[in-house]
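Here's the structure, in structure tokens; my notes come after.
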Amino acid sequence: MSDYEAETGFLGEWGRFQKQVFFLLCLTVIPNGLSGLSVVFLADTPPHRCAVPAGANLSAAWRNSSVPLEDDGRRPSRCSRYQLRAMLSFSQSGVEPVDVNLSAVPQEGCVDGWEYDRSVYASTIVSEWDLVCDDRWKNPLTSSVFFVGVLTGSFVSGQLSDRYGRKVVLFVTIAIHAAFTFIQSFSTSWVMFCAAFFIIGLGQISNYMTAFVLGTEVLGPRVRSIFSTAGMCLFFGVGYMLLPLLAFLVRDWRTLLLGLALPGVLCLPLWWYIPESPRWLLSQGRVEEAEAIIRDSAKKNKIQPPATIFSSSYNELQPKRRKALNICDLLRSRNIRWISVTLWMVWNMVTIGYYALSLNTGNLHGDAYFNCFLSAVVEMPAYALSWVMFRWCSRRLSLFSSLLVGGVFLLLVQLIPADLVFLAISLEMIGKFALTIAFAIVYAYTTELYPTVLRNTALGACSMASRIGSIIAPYFIYLRSYSVSLPYILMGSLTGLAALLSLLLPESFGMPLPETIAHMQHFPGCCRKTPSKTPRTEEEGNTPV
């Protein structure tokens, strides 16, 4: 197979066509940033206490003292109250709470429901369906259902994209994401909310990964490195920063979901401005369609294309290239198998740390909206630094260093005294900063390691494997109820292990994208600067080595 980048080099790196593809694909991920962590506000648990029936004939003093105190009298109980019959008896006899040994008064559960503090949220799904006390397990499960959808989307979308094309899958999943966010706002039960959340997760990861691969394949080497690190991630970060601002203005969860659905709808007209990947068309033997896109690109860049753009070798390989590869090919040979397994473990551990820290913003000291905004702002310089590292530094060492820094700072959090809250938050944000760099790098690094014939499938498989981490990430935060330090110890340890595993991966810095499995670098830790010299035959497009 001829060198695609050499044959399309006449287009230049940064003409009107490349700018159009770059910015429009980046725009499609802003809705992802808006909705990806929306559960922080949709499912936040406001302060609550057991309700006392409005018609109960209780004195004001007994109504105010109806809930026992916990934690050495520091806060009212969330899940129990004094027995209503006993309080009625005391109230009707004229006895005041100060005259009674309250510890001897029998208690009961919140049989009449709960009263929620409405000062921060008008409503959340927790206050809507009382996901507290005996049903509090449903809260982290809500996030996990979303990430199960992300796992499913990672599995399905990569293979669909490699088989049916990047562009079709991109816009179908954008539509699915927007439509089910709209439907979710009319949920009549927690089960219906979770069912819609599953589909939203499926659509969200599918359109993000497809846009990521499409841009990687269309853009030239220099612009590709900016797009795959700073470009996509910065626009995701913009959406993430807009989330707490929108949530601050819209305090009702149903109305907030309607606002989250709108950006996806606005992205659909971009169908007429974003092209299919010429690389993918060539891998399917559709040379004429690929040439048509390149000629249209040359026209936009005001460049005269050559009479023949792609060599006859593409036509010669056409029958073989039509054979579709699938996720099983990621494990078929020893070399690609070990690269895949190592990447799956690294992705999984990075995802645990990133999402656990992101979901934890509601538990930090201070205002939840400000903490979420701060967590989003921290990502912006992280994405910029990830581009600098990806542009000039070794891929493997960049990933290793960012993971190591993240792991060390997360382990340090649990050593901070309880009264130094802002120091602990600062260390957590530095850990989030380092993990964000690692997340941006591992996405771009993965697309460089795998060939065109499997790139979207491989990225989908890595994302799918990592969703085990995102599914259990909410439960890492749930461990705070047993020990505040335990989540940080686990996250820091896993992040450090991921740093060590990343040293086993091949180096891809300064190398062209592999087109077939035979052109991949070798595991472990290969540092060669030239692709494999294995003779390129007609069969190598689908035959592993």
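The values are calculated or read from the model by the stated rules, or taken from the named source; none is laboratory data. Just so it is clear, the model here is predicted, and its values are computed rather than measured. Because the Cβ atoms are built from the backbone with ideal geometry, glycine has one as well, and the counts that use them run over all protein chains shown. The area values use the complete protein model at the heavy-atom level, side chains included, leaving out ligands, DNA and RNA. Shrake-Rupley method; radii C 1.70, N 1.55, O 1.52, S 1.80 Å.
Per-peptide packing, taken as the mean over residues of other Cβ atoms within 10 Å, places 393-399, 201-207 in the sequence 201-207, 393-399 from highest down. Normalised by the number of residues in the range 407-459, the average gap of Cα pairs under 8 Å and 6 or more apart makes the relative contact order 29 percent. Carbon-plus-sulfur accessible fraction, the range 468-520 (probe radius 1.4 Å, protein heavy atoms only): 76%. The count of lysine pairs in the chain whose Cα atoms are under 19 Å apart, excluding pairs fewer than 8 places apart on the same chain, comes to 4.
Calculate the translational D of the range 328-525 in whole µm² s⁻¹ from Stokes-Einstein, where the hydrodynamic radius comes from the Kirkwood formula applied to all Cα pairs, the temperature is 4 °C and the viscosity 1.567 mPa s. Calculated translational D: 75 µm²/s.
Accessible surface for the chain, divided over its residues, is 40 Å² per residue with a 1.4 Å probe.
Rolled with a 1.4 Å probe across the full set of protein chains, the surface gives LEU479 an accessible area near 40 Å². The share of accessible area on the range 176-281 that comes from carbon and sulfur is 81 percent, using a 1.4 angstrom probe. The Stokes-Einstein estimate for the chain, based on a Kirkwood radius over Cα pairs and taken at 25 °C with 0.890 mPa s viscosity, is a diffusion coefficient of 97 µm²/s. Each Cα pair under 8 Å and six or more residues apart adds its sequence gap; the mean of these over the residue count of the range 328-525 is a relative contact order of 38 percent. Working ranking of peptides 471-478, 237-244 by packing, defined as the average number of other Cβ atoms within 10 Å per residue, highest first, is 237-244, 471-478. Reducing the range 327-354 and the range 130-144 to their Cα centroids gives an inter-centroid distance of 32 Å.
Within the accessible surface of the range 48-116, defined with a 1.4 Å probe on protein heavy atoms only, the carbon and sulfur portion equals 47 percent.
Packing around the peptides 510-520, 52-62, taken as the average count of other Cβ atoms within 10 Å per residue, puts them in this order, highest first: 510-520, 52-62. Counting Lys and Arg as +1 and Asp and Glu as -1 over every other residue whose Cβ lies under 14 Å from the Cβ of LYS302, the net charge comes to +4. Per residue of the chain, the DSSP helices (runs of n ≥ 4 H) give a summed -39500 (n - 2.57) that works out to -19500 deg cm²/dmol at 222 nm. Find the relative contact order for the chain and round it to a whole percent, using C-alpha pairs within less than 8 Å whose residues are 6+ positions apart. Relative contact order here is 20 percent.
Taking amide H positions as modeled 1.01 Å from N, with prolines and chain starts lacking one, the residues under 5 Å from GLN107 and 5 or more places away or on another chain are GLN83. Shown here are the Rg and Dmax of the Cα trace of the range 81-211, at 23.6, 78 Å.
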